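The values are calculated or read from the model by the stated rules, or taken from the named source; none is laboratory data. It should be emphasised that the depicted structure is a prediction, and the values quoted were computed from it without experimental measurement. Counting neighbours? That spans all protein chains shown, and the Cβs are built from the backbone with ideal geometry, glycine included. Keep in mind that these areas ignore ligands, DNA and RNA; they rest on the heavy atoms of the full protein, side chains included. Shrake-Rupley method; radii C 1.70, N 1.55, O 1.52, S 1.80 Å.
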Amino acid sequence: MSRDVWTVVALGMIAVLTALTVMFLSWGIGNHSVGFGFWVGSVLTLGIFSYLYKDNPFYKFAEHVFVGVSAAYWIAIAYWTQIDRNLWGRLLPEQFPQGGHEFNGFYIIPLILGIFMLCRLIPSIGWISRWSLAFIVGLYAGLRMYGFLQSNIMEQARDTLRPIIVPGSLVDSINNFLLVVGVLSALLYFFFSKEHKGVFGVVSRVGIFFLMISFGASFGFAVMGRISLLIGRFDYLIQAGTPSAGRASVVVAVIMILVLLIQAFKDKGSAEEA
Amino acid sequence: MAGNNSFLVKMGQLDRRLVFVVIGIAVFLPLKFPIGLAVVTTPTTQDVFNAVDSIPEGSTVLVSFEYGPSTRPEIEPMAITLLRQLFNEKQKVVAMALWPDGQFMSTRVLERIADKEYGLKWGVDYVNLGYRPGQEAVIKGIAKDLRANYNSDVRNNPVEDLPIMDGIYTVKDFDFIFSLSAGYPGTVEWVLYAADPYGIPMSTGVTAIQVNEVIPYVKGGQIKGILAGMSGAAEYENLVKAGDATRFMDAQSVAHFLIVLFIILGNISYLVQRRKQTA
Amino acid sequence: MLWKTQIPVAIVFAVGMLTLIQWFVPHWPFDQIQVHTTQWFDIIAVFAVILGGLNLLKLQLQKVISRGRDWPYALVTIVGFLAMMVYGFSPVGVPEGIRLGDHLQANGSHFRWMFFNVFTPLSATMFALLAFFVASASYRAFRVRNAEATLLLVAGIILMLGRVPLGAKMTAFLPHFMQLPTVQEWIYAVPNLAGARAIMIGIGLGMVSTSLRFILGIEKSFLGGDE
């Protein structure tokens, strides 16, 4: 099949498949919203989990659905919450009264910069998107420079300069001392303009110890967070496995495991033959 | 002895799929058959409770939803408990979101708590302004003029018609900010562009992964307390009303215990192997 | 040169300076400039999101047309994208009496259903999957090779156990100051804080200097390769 013919066939296929998908989903949502949801959710959840066994078609399918659906989801949300209300609402207030704004002609500027941004899709004029990017970079720089200076540097320095001797409390004195030593030594460790030797080397090594404790804590928190998310998914699967949900997750799991097992045996068979 | 040693070395080289299965079972069983371990509240969680508790009755609190489905198990229990504490103390709640998903999360939680559990009135006791794209620029924008960006709520009611928004023109008019955050933009941005520059009291509930990024602000007094991950949520529930996070703590405990066990086994195997090599 | 480099650098300078100034002069006209430039930013950010989506569509279409490796999956992505676009931008699945655009959150809207039953399981499970890999990685890779690694592991383990109810129960027989939650709290609030704060100050210094470099036109990496 020539490339042009294939292109037409592919576009036709996309149109038909999209129409069928929408019809199928709309039928399911319209007639059995909750039960249908558990079935779809179970297929997708277990599809992703099947990756633990190995990369396989269930996982690939779920992953690709995710990419497509999330891109469209973000576009829809971003458009209706911002462009519809705050851009059209200001440029064409009569046609878009939901924004509740008055006409403001200056808003042609972000519209133009937005269109420039889209020009990135066309390589020959893609450079014009630099103008829009420049606006974004400039605003970020202006916001962050002050924000980080105040909250991450000044405020942190202020709270670190604690009294090392707290009358009446040995524990507080030790803790404050450790905090001051820890912050200063770890900061010195980040100072690479001077070789870490002699007294400087000793201090920066103390700094490493504090940093390691901090990384250890981050690691502990990372484990904690991931396990929590796993608990959430398992809780969902348990819910989807109840009789009221049609035991969707159980049925889907059994089918997936069977298919993967059959596939594994087939692969093994063909490997032995070869 | 040699046999023992090779067993110990093998303990450090189990197939990773076996590890997966063990972790899966460790999470599944306690969910299905709860043990009911008692939750102990840590000081930073107590600080959050106290900070929210000390807001004068009838204040208007801004609750920002910066999380999505992927982090819902950690943050949603915090959101539910926070709303309960706020509504118990007759505070008014204005919800917004810096994450697109946050709007769905807030809608879900408000429907359940404000509407069904407390029977409160939209626009009077609470309102949901929804999501606006723009990350920290949204915060900076509403610091000057909230209505330029949020002219209507998610139900399309003009903000000027909502009694709860009387007298609220900028972020500075809120009595308290609470950020329910799972990353960027979230707690850090609220500190940088609202709490610190304008001196608005704020508190936060974050995912476990974010804790270390935020903890210096908490200890520096820029944020009042912190709910750290799902265990933080369970501790908070312990102070207000038990919910999902408390129910999930058994599974969390067992999974942590097993992972620690795995690390120890892996290291015993490593040390035995190292001794063999040096011998 | 003028169009491709100098104008973008000038825009960064002007916008950066205007944003910076209003932190110090929060009065007219700078306060009004801030209200509107942040809005413009928000609007341009939406176009960036749209650009991302269209770019994805373009790449996947190319893959299907050239019948590259795994092209049927590219088809899955495109169909998923278009189906969600139908629910986002057409009257299909919009409940009666609700305006298109207000339907995203509305009860009974198909877009909302798709969020909770397609987007949610996928994005939540993607993240949950990492739990298994974190567990397996900590088992296989974390070794007490030297003092630093040991410190990291011990801090991690104490925190992991000390923050869950089981840790409290396991050490309940010990004196209070030796119980896991107490030790955990101390590590978390003192040495961990010192390390985390040093990192925060480091990031802050980096961010301030990078911002300044952008505003002054020294840093031009955002322009991409060919100037």
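Miscellaneous remarks
- Residue-by-residue Karplus 3J(HN,Hα) for the stretch B:198-209, coefficients 6.51, -1.76, 1.60, Hz, glycine and proline x: 10, x, 8, x, 9, 9, 8, x, 10, 6, 4, 4
- Cα pair count fraction exceeding 19 Å, expressed as % - the stretch C:1-87: 62 percent
- In order through the stretch C:191-204: 3J(HN,Hα) via Karplus (6.51 cos²θ - 1.76 cosθ + 1.60), integer Hz, x for Gly, Pro: x, 4, 4, 4, x, 4, 6, 4, 5, 4, 5, x, 4, x
- Kirkwood estimate for the stretch A:127-210, i.e. one over the average of 1/r between Cα atoms, Å: 15.8 Å
- Taken residue by residue and averaged, Cβ atoms of other chains lying within 10 Å of the Cβ of B:141-148 number 6.
- Estimated inter-spin distance, A:ARG205 and B:LYS172, nm [label 7 Å along Cα→Cβ]: 5.2 nm
- Rolling a 1.4 angstrom probe over the protein assembly as shown with all protein chains present gives an accessible area of which 66% lies on carbon and sulfur atoms.
- Compactness of the stretch C:90-140 was expressed as the Cα radius of gyration divided by 2.2 N^0.38 Å, which yields 1.79.
- In terms of the mean number of neighbouring beta-carbon atoms within 10 Å, the peptides A:31-38, A:179-186 order highest first as A:179-186, A:31-38.
- Selected from B:GLN210, B:GLN13, B:GLN252 as most flexible by GNM, with chain B as the system and alpha-carbon contacts under 10 Å: B:GLN13
- The fraction of Cα-Cα pairs per 10 angstrom bin, counted from 0 for the stretch A:47-100, comes to 24, 26, 18, 15, 14, 3 percent, rounded to whole percents.
- Within a Gaussian network of chain B (alpha carbon springs, distance under 10 Å), most fluctuating of B:LEU146, B:LEU62, B:LEU14: B:LEU14
- Solvent-accessible area per residue for chain B (1.4 angstrom probe, square angstrom): 34 Å²
- Accessible area expressed per residue, the stretch C:90-140, with surrounding protein chains retained (probe 1.4 Å, Å²): 33 Å²
- Per residue, chain C reaches -23500 deg cm²/dmol at 222 nm when only DSSP H runs of four or more residues are counted, each adding -39500 (n - 2.57).
- Residues with amide H under 5 Å from that of B:VAL93, placed H, sequence gap 5 or more: B:VAL61, B:TYR126, B:VAL127
- Relative pair counts by distance (%), Cα atoms of the stretch B:68-131, 10 Å bins: 22, 59, 19, 0
- For the residues of C:85-95, the average number of beta carbons from a partner chain within 10 Å of their own beta carbon is 4.
- Contact surface A-C: accessible area buried, both sides summed, square angstrom, 1.4 angstrom probe: 12100 Å²
- Here is the interface size for B with C: some 5500 Å² of accessible area buried, both sides summed, with a 1.4 Å probe.
- Descending semi-axes in whole angstrom, ellipsoid equivalent of chain C, from the Cα gyration tensor: 42, 34, 23
- Each residue of the stretch B:265-279 was assigned a 3J(HN,Hα) from its phi angle through the Karplus expression (A = 6.51, B = -1.76, C = 1.60, θ = phi - 60°), giving 4, x, 6, 4, 4, 5, 5, 4, 4, 5, 5, 4, 5, 6, 5 Hz with x at Gly and Pro.
- More than 26 angstrom apart: percent of Cα pairs within chain B: 48 percent
- Average other protein chain Cβ within 10 Å of Cβ, residues C:63-69: 3
- Put simply, the convex hull of the Cα atoms in chain A casts, on average, a shadow of 30.5 nm².
- All Cα pairs of the protein assembly as shown, percent lying beyond 38 Å: 44 percent
- Residues considered: B:ARG16, B:ARG247, B:ARG147. Largest GNM mean-square fluctuation over chain B, using C-alpha springs under 10 Å, is found at B:ARG16.
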